[in-house]
Every structure is written in structure tokens, then in C-alpha cells.
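Here's the structure, in C-alpha cells; my notes come after.
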2 protein chains.
Amino acid sequence: MSNEKIPYKIYLEEKEMPVNWYNVRADMKKKPAPLLNPGTGQPMTAEELNTVFCEELVKQELNETDRYIEIPEEIREFYKMYRPSPLVRAYCLEKKLGTPAKIYYKFEGNNTSGSHKLNSAIAQAYYAKKQGLKGVTTETGAGQWGTALSMACSYFDLDCNVYMVKVSYEQKPFRREVMRTYGASVTPSPSDTTEVGRKILAEFPDTNGSLGCAISEAVEAATTHEGYRYVLGSVLSQVLLHQSVIGVEAKTAMDKYGIKPDIIIGCAGGGSNLGGLISPFMGEKLRGEADYRFIAVEPASCPSLTRGVYAYDFCDTGKVCPLQKMYTLGSSFMPSPNHAGGLRYHGMSGIVSELYDQGLMEAVSVEQTEVFEAATAFARVEGILPAPESSHAIKVAMDEALRCKETGEEKTILFGLTGTGYFDMYAYQKYNDGVMTDYIPTDEDIKKSLDQMPKL
Amino acid sequence: MSNEKIPYKIYLEEKEMPVNWYNVRADMKKKPAPLLNPGTGQPMTAEELNTVFCEELVKQELNETDRYIEIPEEIREFYKMYRPSPLVRAYCLEKKLGTPAKIYYKFEGNNTSGSHKLNSAIAQAYYAKKQGLKGVTTETGAGQWGTALSMACSYFDLDCNVYMVKVSYEQKPFRREVMRTYGASVTPSPSDTTEVGRKILAEFPDTNGSLGCAISEAVEAATTHEGYRYVLGSVLSQVLLHQSVIGVEAKTAMDKYGIKPDIIIGCAGGGSNLGGLISPFMGEKLRGEADYRFIAVEPASCPSLTRGVYAYDFCDTGKVCPLQKMYTLGSSFMPSPNHAGGLRYHGMSGIVSELYDQGLMEAVSVEQTEVFEAATAFARVEGILPAPESSHAIKVAMDEALRCKETGEEKTILFGLTGTGYFDMYAYQKYNDGVMTDYIPTDEDIKKSLDQMPKL
């Protein structure tokens, strides 16, 4: 089909939709380091993990060998409600930039959660239901994950208790209402409903909260209530596994039209969207079948890959979670409250960290005013108002396309457009009013946080 | 293809997308009554209309004979960015209701304007650009139309001045920010920027505003500024023409799979989505080729079809627009401020009014708490958070499906899901908190308003 004019949007047919998730660890010679028990310093066993997570998800977390893991039929049925997501050819953006580059984006925002998060939320809710649980607890930052999980739980009739980072809870009351509409209960974090929350509040009464802190509260809530488990929207390998549906669909669509991307770009907070998008392409690279440039884009205000260290660290502020080896700024790192949107996690997926450490991918950081500038330009020509998170990838995709304009190279660029910005208008307003500011942590800020990391 | 299992979502391919709009007036034996000059009481001429509207749009407004009007290529290109919209089989809703009915919805919400309004906005902006205008003015109620128009104007590099009904401007600051992001200027109406606005403010200083009032301001702004014209998002026949793309796509998709709807349902404010959705089906009915039940659903708080009169009336509060024969509550009718979302216009499309008057379609009114109850139930199973407007159609579609459950009839129901509710969380919050109320105007309320209608 390679001679056909590429449509604006490529939708796979139902019968072409993935039946397997792709587990990139199976193709990694050097695997990500194991999760460690913070008490003993020993690798976490399935038994230990089962007290926090659903059993089937623990199996997936520890599975480093099976390349393909079948997507259960119930999940595939749910996927059919909002997937396949379109692979879009950005004809209008190309024209505006005057670039010879061909730009594609995989758009994950056409569902009510507004992002790719639903891909993993429905899987995690499914396994929780299958295990006979009453409900799940979780944290949410910008709100996409909490929304996605509340949708998934409502579908499977599970309780859903969301700890929402306080600053987001206040800046995004409407996100909270979407979660409530789907039947979830939403608590601003840190809260006085958990021991760890009370402790953090006592120490930092004016804190804006952080993902690391909300995680601690959600884990405590899960482990102290019968019939509940904790679920997480990023960072974990199981989440990247579920998110591989993005990459598998994108690759299937591109293969169908004979398109081979030269550069693949994704924004990176905890790494779930980036890891999911690049997985099958990275698999080819790992197997020596093809080569691609991969670029992770993170905010300059929370630059774990570009300015963090690769070491074991706590995943949460309360230090109740397993230790993970990852690129990290230290679990006590708190991004500036002027930072809009998600991507405010101090660490990074273990898989993404290991791939980055092996030199298989690049990382860059960008400042938020330039991100909103790119977002606005994109919105005006492509007709989609992007989430601030996704706009990090847009910014770098536009930069790469402009570089092609200089060199005359007709590169093919694929980026992940993870979601829509409908609940980020507070940040857009700041940008529209010309009062948005940037913030880059000083070396001293980062050192202070890194000094508090566990010594192993 | 009729033996194949119907997919959850039917997307037409690019090459199957409509190349013509369908003009239902061509198949109406008795045409809608002409627009009248409020000064002379005589039918408006093209010359007169050209001072307010773009020339090509005036031609379309007056064209009662051409069944098909070609969609210009530039507009078809833009349509490809966000269309075709999916025709969705509501498998999960059917299962939840336990109905033998087959429910389909045409979902117009997957674009940043959040609704079908973009279909006409891009057409109107295109013709304005083609005429060499500097910009356009318009009104917006709930904000969808203003957002759609700002997107369209940004695409064609036109000025866009939006008068936004004051209560919406205050309840929906984020809608305003989306419009600003697309470069529009947004003024709460009534405002002191126009003569008619100042007059209304002097008489009713505490008014919440209304569509009728915002229209007056936008028309005045267009006619008093060189190089500007006024554009309208509903009611006019040209708008229904553009919105026929919804119905033509839906019918093409249904025909492709051998599906014939028994009942077609749409929410009705000014009638643009309803008219667009039903047009090609109504054409078959008018030509005697097929029969369908059509149901218009309006809010009990603004019931123009079910409780209004069919007569010539002013389209706007300031009485500057042409007179239109339509079902109306009187141009001074103001829906209660407790009414959420759009569908707050006092009148109705002339085409829809005439079809209704000829007994070719039915109309019902529903109260908003039952609408939000249906919206929430729908969101939880179908994964889409619907706009309050669209949820009027959901409510009646569910009622019809439940009726099928009682009778055992396997009817096929098609309804228009015009948009998403992401900017309506203020109303959802009221519903979630159990403090949403209903309002039904008394006969006295309506009589008072009808008494102020023009006597012709």
C-alpha cells in the first residue's frame, strides 16, 4: 500500500487490533535491576509484592522472559470502545513549518480520561476484579491516571479511592468531578486519612503535595484495608507492558503503509507512554533488525534522566514502596508549584532508565513556556488542544522537523500525543496572559534531595 | 457486509467521506417560510442579507432547490483532520439496559471544539476568507460554537470576535481560554461595546444574558465594522446544510453494514445537529423511499417545539435580525439560570419547525436532573462523558430502548451524541452533589414572552 497517499488519520480495523502486549524486557540482554525490599535490601519476592499489588500484575511485573503476553478478551473488548487510537499524519503542521520531514503522531487523547492512561487502568482493574477484590487505591497528579482508573473501576464495579496531589486537586476541581461522576472518591494529598499523610503534614504543613507523597498514602490505604490493593499508573514494568498497545498499534499501522520512522519521540514523566510507544520499535533495535533514534523529553523543572543519577531510590516520599533502580532526583525532590501538568515525578521507569543507561535512547529537557508556545502553534494548525505533558513531545518533534528544514532531510518523525489539555486551561490561561514562568532547579536543589537517598 | 459482526465503531475511510452536503429543502414540497425584513415585512433579498452575512452563505441560505451542494475541497481537507466521526454501536449500554434494541450513536465530540459545531464553523470561515473579509463576529452560549469558530478562524487566519452569554462566560472560564488559545477575542454579553448591549444593560442590569441578546450584539459589531460579517452556529438553513455531513456520514456507514434505523433521535436547541443528523433520512421519507420515526428532544426549561407557537418572530433580543417563521417562545424568553449547558435558544430552525409542523417528526421535552442521570449512566458504561446537550438525546434513546425491553421489539435506534462534557463539570458537580434542580416555565412565563412577539 506504499504508493497510496497516506490518509490524515490511519485507523486500524478491529480485526487488526493487537491481541498481545509486547514485553520489551524479553529482548533486553541486560535486564532492568530487580525491585528491592527496603527493609532487607533483597529482591522483592512475588509473595511480598502480592500484599500490595494484584497477583496477576505481580506476575507481569516479574516476567522478564515472555516477549508476548496475551491481552485478555475482556480487556480487548473494552479497548474496542475507545481504540484503536488514530495514527495521524500532521500534514498541516508540516506545511506550517515548511519542513520536508514527515510528521506522524499517535493520538491517545480521544477518550474521556483524556490520555493513554486508560490502557493500563482497564488492565489493572480487570485483574483486581478477577482476584475478587473490593477495590483499589491509587495516586494521581495531573488527574489523567485517576480519571482513567475511575472509568475502569466503574466499568468493572470496583471501589476506587484516589489520592490526588493537593496542588492539582485545587487547580483542577473539574478533574475531580469527572472522577466523582465515575463513582470514585477523591482525597487531596497529603491528607489526614493516613499515618504517612499526617506525618508529612506535620513536617510540611504548607506542602503542595507530590506524586511520591500521594503514592505513600495510597499504598498505606490499600495495605490497611481488607480486599484492597494498590495500583500505579506509571513507572512499573507492568504499566509499560500494558502501554505497549500504543506502540504495537502504531507499528502495525506504519507497517501497513510502508512507513518507517527515523525518530521516535515521547514525553517522559514516569515513562509509561514513552516506554509503551517505543517498545516494539526498541525490540527491533535490540534484536538488530532495525535502527531508530529515540528521544525522551522531560520538563526542565523535573529532569530525572538529564540531571538525575542512576541508582536505587525510594519510589515514594513515605518510603513504604520497594526500592527501584532508576534515574532519579531523589524521592524528596518536589518540583516547583509553577510547573503545570504532570511529568512531576522524581524518578523514571526502570525499563526506560536501563535503556537510557545502555545508550539506546536520548533524553532532552525543555522549559514550559516554550512547551506552551509549541502547544498553541500545534493546536492552531492540527485542531487538537494538547495536554501540557504531550506538548513536551510536540516541542521536540517541531525542533527536529525544523532541523530537517535546514538540512533538507526528509526524515520521518513519530511522536506520542498522549492526551488533551481540556483540564489544563488554568495553565493555558497563564500562558495566554503572558504570566507563565519557567523554573529550573539549581544543582544545590538537586544535591539536597539526592543526599537523602538510601545508601545501599 | 450485513452478516459481519458490527464493530464497536464504524469509521468511514477517507475516500468514503461525503463530497456533497445534502439540502433537505430540495425534497420538501412545502418549503420553510422565507426570512422577512423586520422593517418592511417583505422577504429578505440576497442584497439585504449580504450586508450581514457572507455572500456565498446567503446563496446557500436561499437555495431551496439544489439537493446536493458540493463541499469545497479546502473544507473537505479540514474535515479530514477530525472526521469522519465514528458511528458507535452502544453494545455496553444495550447490555446494561438489558434491551433487545440495537443502539447506535454518531459521536461528534472527538475534536477540540467538543461538538459538531466545527462542521459549520469551518465552512463559514472558509467562505468569509474567500470573500476577502478581515474577520467575523458571533455569539456563543455554552461555548461550543465559539470554540469551533475560533478554531476555524485560526486555521484561515481570520479575526474572530465572540460575544459569550454572560452566565456561560462566568461559569465556563476555561471555554473562554480555549477560544483565546485559538486567538479569538471573547466579550461577555450583554456588554457595553455595542449600542444594543448598553440598552439591554440599562433595562436589565442584572441579566444573565441570553443567546438572543448576544446575537444582537454580534450582528451590530459586524455591521458597524468594515470587512466583518456575522456568522451563526445554528437555526439558519445554511447551518443545517453544513451539518448534513453528520447525517450523510451516518447513513453511508449504516448502508455499508446494511443497518436501517427505526428511530432517529437528536437534541434540539436551534436545531443544527438534529437537522443535520436527520436530513438524508428525512429526504428518503419525503421522497417516499423509506420511513423513520424522528424525535427532537428539548429541555423542559426551554421548550420551543413542545410549548411554543409556530409564527414569525425575532431571532434575537435586540430585534435587529430578519424575522423567521419558527416554533418560538418569544424572543424575550430567558431560560432560568439553573439551566445547564446550551439548548437555551427561544426559537428553532425554520426547516426543523416546518418538518415538525407537517407532522413528519415528533418532539418531547425532558428535565435536566433526569438528563444528568442518563448522562452519568451512559458515561459509566460507554466511557464517554457526554455534554449536557447531547444527554437529552441519550435520555430519550434509553427510554425508547427500555420500551423495547418491555415489548420485546428489536428496534434499531440511532441518536446524535453531539459532544463531550469536559467543560460542563460545574453542572456535573451540582448533579454529583445532589443540588441540581429542575425548572419548568409556567404558562404565564411563556405567555408573557409570546405577547411581545411581532404582530404581522
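The values are calculated or read from the model by the stated rules, or taken from the named source; none is laboratory data. What you see is a predicted model, and the numbers here were worked out from it, not measured in a lab. Reconstructed Cβ throughout: ideal geometry from the backbone, glycine too, with neighbour counts over all protein chains shown. Please note that ligands, DNA and RNA were not included when accessible areas were found on the heavy atoms of the full protein model with its side chains. Shrake-Rupley method; radii C 1.70, N 1.55, O 1.52, S 1.80 Å.
Structural remarks
- In terms of its alpha-carbon gyration tensor, region B:362-456 comes out oblate; a/c meets the 1.5 threshold, while b/c is at least as large as a/b.
- Inter-copy label distances at A:Glu289 (7 Å, Cα→Cβ; nm, one decimal): 4.9
- For region A:12-72 versus region B:40-107, the spacing of their alpha-carbon centroids is 48 Å.
- Cα-based Rg of region B:298-339 normalised by 2.2 N^0.38 Å, two decimals: 1.16
- Accessible surface ranking that places the most exposed of A:Glu139, B:Glu406, B:Glu220, B:Glu373 first, with a 1.4 angstrom probe: B:Glu406, B:Glu373, B:Glu220, A:Glu139
- With N as its number of residues, region B:42-90 has a Cα radius of gyration that, divided by 2.2 N^0.38 Å, comes to 1.64.
- Percentage of interatomic Cα-Cα distances in region B:384-440 larger than 18 Å: 48
- Value of Rg/Rh across region B:121-200 [Cα atoms, Kirkwood radius]: 0.99
- Where only C-alpha atoms are counted, convex hull volume of region B:164-238 per residue in Å³: 104
- Charge tally in the Cβ shell below 10 Å around A:Gly233, where Lys, Arg are +1 and Asp, Glu are -1, A:Gly233 excluded: 0
- Solvent-accessible surface of region A:237-355, taken per residue with a 1.4 Å probe and all protein chains present: 20 Å².
- Three principal axis lengths of region B:146-305 [C-alpha, angstrom, descending]: 55, 37, 29
- For region A:1-157, the spread of Cα positions along the three principal axes, ordered from largest to smallest, is 57, 40, 32 Å.
- Shape parameters for the protein assembly as shown, alpha-carbon atoms, Rg then Dmax in Å: 27.5, 91
- Distance from the C-alpha centroid of region A:245-315 to that of region A:136-207: 28 Å, rounded to the whole angstrom.
- Shortest first, A:Gly227 label-point distances to identical copies amount to 6.8 nm, with the label point at 7 Å from Cα along Cα→Cβ.
- Relative to the other identical copies, A:Thr51 shows label-point distances of 8.2 nm, where the label point lies 7 Å from Cα along the Cβ direction and values run shortest first.
- Region A:346-395 - Rg and Dmax from Cα coordinates, angstrom: 13.7, 38
- Residue-count net charge about B:Ala33 - beta-carbon cut-off 12 Å; Lys, Arg +1, Asp, Glu -1: 0
- Translational diffusion of region A:10-87, µm² s⁻¹ [Kirkwood Rh, Cα pairs; Stokes-Einstein; 25 °C; 0.890 mPa s]: 164
- Evaluated at q = 0.06, 0.11, 0.14 Å⁻¹, a Debye calculation over the C-alpha positions of chain A (equal weights, vacuum) places log10 I(q)/I(0) at -0.22, -0.79, -1.38.
- Paramagnetic reach from B:Glu406 (point 7 Å along Cα→Cβ, amide N under 20 Å) across region B:240-276: B:262-265
- The P(r) of region B:78-120 has a tail past 17 Å containing 42 percent of all C-alpha pairs.
- Which of A:Tyr104, A:Gln124, A:Val178, positive extreme of dipole for region A:98-181 (C-beta unit charges): A:Tyr104
- Note on region B:257-307: percent of Cα-Cα distances in each 10 Å bin, starting at 0 and stopping at the bin with the largest distance, equals 25, 48, 23, 5.
- Between B:Asp433 and A:Thr193, the FRET efficiency estimated from the beta carbon spacing at R0 = 30 angstrom works out to 0.90.
- Sum of side-chain charges, A:Lys325 neighbourhood, beta-carbon under 15 Å (Lys, Arg +1; Asp, Glu -1): -1
- The orientation-averaged shadow of the Cα convex hull for region A:69-173, equal to a quarter of the hull surface, comes to 9.0 nm².
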